[in-house]
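Quick note: the coordinates plus some simple rules give every number you see, no bench work behind them. Predicted model only: the values in this text are computed from it and were never measured. A quick note on method: Cβ atoms are made from the backbone with ideal geometry, for glycine too, and the neighbour counts reach across all protein chains shown.
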Amino acid sequence: MYETMEMRAVLAGLLKEEMRRDETVMVLDADLARANGTLGLQQEFPERALDVGIAEANMACIAAGLSSYGFKPFIFSFCPFVTRRICDQAAISIAYAKRNVKIVGTDPGISAELNGGTHMSVEDVGVMRSIPGMVIFEPVDGDQLAKAMPEIFAYEGPVYIRLFRKAPAQSYFTDPEYRFQLMKADVMRAGTDVTLFATGIEAGEAMKAAALLEKEGTSAEVINVHTLKPVDTETAIASVRKTGCAVSCENHNVVGGLGSALAEAFAREYPVPMEYIGIQDHFGEVGRMPFLMEKFRMRAEDIAAAAKKVIAKK
């Protein structure tokens, strides 16, 4: 249903429906409503969809205050501006105060493309993971996002939504039988030799990598970790008990993100060899996605190579 739509348009449409049903839902933007796809909400709900200007920290505090009066605010900006720029407000005004604020960061990691290194949030998951009580969600495609939003609307507490703005190259969650669970990872493909854990745009690359490995006789399990905090350790550990090794695949610094969360879980309960696909502790740079995917070795071919390497360590 949503496979050809930009992710920002999917989220804006879902918010429009919810705002029509629930008059306590509000949307706040920091001068990026057009870029984030929420400009139409300001036109339909002028008293509940507000632009606060280029003042992200103020936006977070306004949202916290609105939440204390029973409103359900969603705040929007590019990923670095709603994570590292508002870290203190997210930690104290929102999370410490247990406010029901949803934080939407768009253009994660290399998807910032020509906006370059200053706008490439390679550390945002690490920042938000370190805040107690913060849930982190990153959808793969519009259909998964649509299935997730009812749970996110109903969830009482802070959630950081890491949103790829554009339409993904391929949709994987179009099956009408698919049932989303916010705190449960999805096994996208079963396998026995290695587990590929992936989130966001890297889920598609992991599926392609599994197909490449299959041609060589290697069976790869692919698990989409859509909720990065809290990580579904039950599903993750059950998989590596079977495969004996893992590769984490993320559009983020390999320090502090999905790979770190999984390694922490495995170290406690079932240590296995791991390899890490992502930005290797490096700032981003200006470039188009294909160039950046190749430069930071985040393609399916790179995941397949990492899988072979980790299998050899078993």
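If you add up the charges near Leu39, with Lys and Arg at +1 and Asp and Glu at -1, over every other residue whose beta carbon is less than 12 angstrom from its beta carbon, what do you get?
On the way: positive: Arg8, Lys16, Arg34; negative: Asp29, Asp31, Glu44, Asp51.
Residues near Leu39 contribute -1 overall.
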(request) Would you kindly calculate the mean projected area, averaged across all directions, of the convex hull enclosing the Cα atoms of the stretch 1-67, in square nanometres? (result) 4.8
(request) Could you size up the charge dipole of the stretch 110-226 around its Cα centre, putting +1 on the beta carbon of Lys and Arg and -1 on that of Asp and Glu, and report it in debye to the nearest 20? (result) 160
(request) Give me Met26, Met120 ranked fewest to most by other Cβ atoms within 10 Å of their Cβ, as a rough exposure proxy. (result) Met26, Met120
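May I ask for the percentage of alpha-carbon pairs in the stretch 63-138 that lie more than 15 Å from each other? Intermediate results must be reported in sequence, preceding the final value.
Details: 1503 of 2850 pairs.
When every Cα pair of the stretch 63-138 is considered, 53 percent fall beyond 15 Å.
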(request) Kindly put Thr243, Thr195, Thr38, Thr118 in sequence by how many other C-beta atoms sit within 10 Å of each C-beta, fewest to most. (result) Thr118, Thr243, Thr38, Thr195
(request) Tell me which residues come under 5 Å, amide H to amide H, from Ala49 once H is placed; ignore anything under 5 positions away on its chain. (result) Val27
(message) If you take every residue apart from Val310 with its C-beta less than 14 Å away from the C-beta of Val310, what net charge results, scoring Lys and Arg +1 and Asp and Glu -1?
(response) 0
(request) Please identify, among Arg84, Arg179, Arg189, the residue showing maximal mean-square fluctuation in a Gaussian network model of the chain using a 10 angstrom Cα cutoff. (result) Arg179
(request) Return the single residue from Ala35, Ala261, Ala12 with maximal mean-square fluctuation; model: Gaussian network over the chain, springs between Cα atoms under 10 Å. (result) Ala35
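Can you tell me, using C-alpha contacts under 8 Å and at least 6 residues apart, the relative contact order of the chain as a whole percent?
Numbers: 682 pairs, mean separation 53.7, N = 314.
Answer for the chain is 17 percent.
Looking at the chain, identify the longest residue range that excludes and avoids all GluC sites (Glu not before Pro) in DSSP loops having at most 10 other Cβ atoms within 10 Å.
Numbers: sites that count: Glu47, Glu156, Glu177, Glu216.
So the longest stretch without any such site is 48-155.
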(request) Work through the residues other than Asp22 whose Cβ is under 12 Å from its Cβ and net out their charges, Lys, Arg +1 and Asp, Glu -1. (result) +2
(request) Considering only Leu196, Leu114, Leu212, give the residue with the highest GNM mean-square fluctuation for the chain, with springs between Cα atoms whenever their separation is below 10 Å. (result) Leu114
(message) Check which residues have an amide H placed less than 5 Å from Ile136's amide H, if you skip close sequence neighbours.
(response) Tyr160, Leu228, Lys229
(request) Mind computing the radius of gyration and Dmax over the alpha-carbon atoms of the chain? Å is fine for both. (result) 18.8, 59
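Would you list Phe180, Phe81 from fewest to most Cβ contacts within 10 Å? Walk me through the numbers before you get to the answer.
Values: Phe180 18, Phe81 23.
Listed from fewest to most nearby Cβ atoms, that is Phe180, Phe81.
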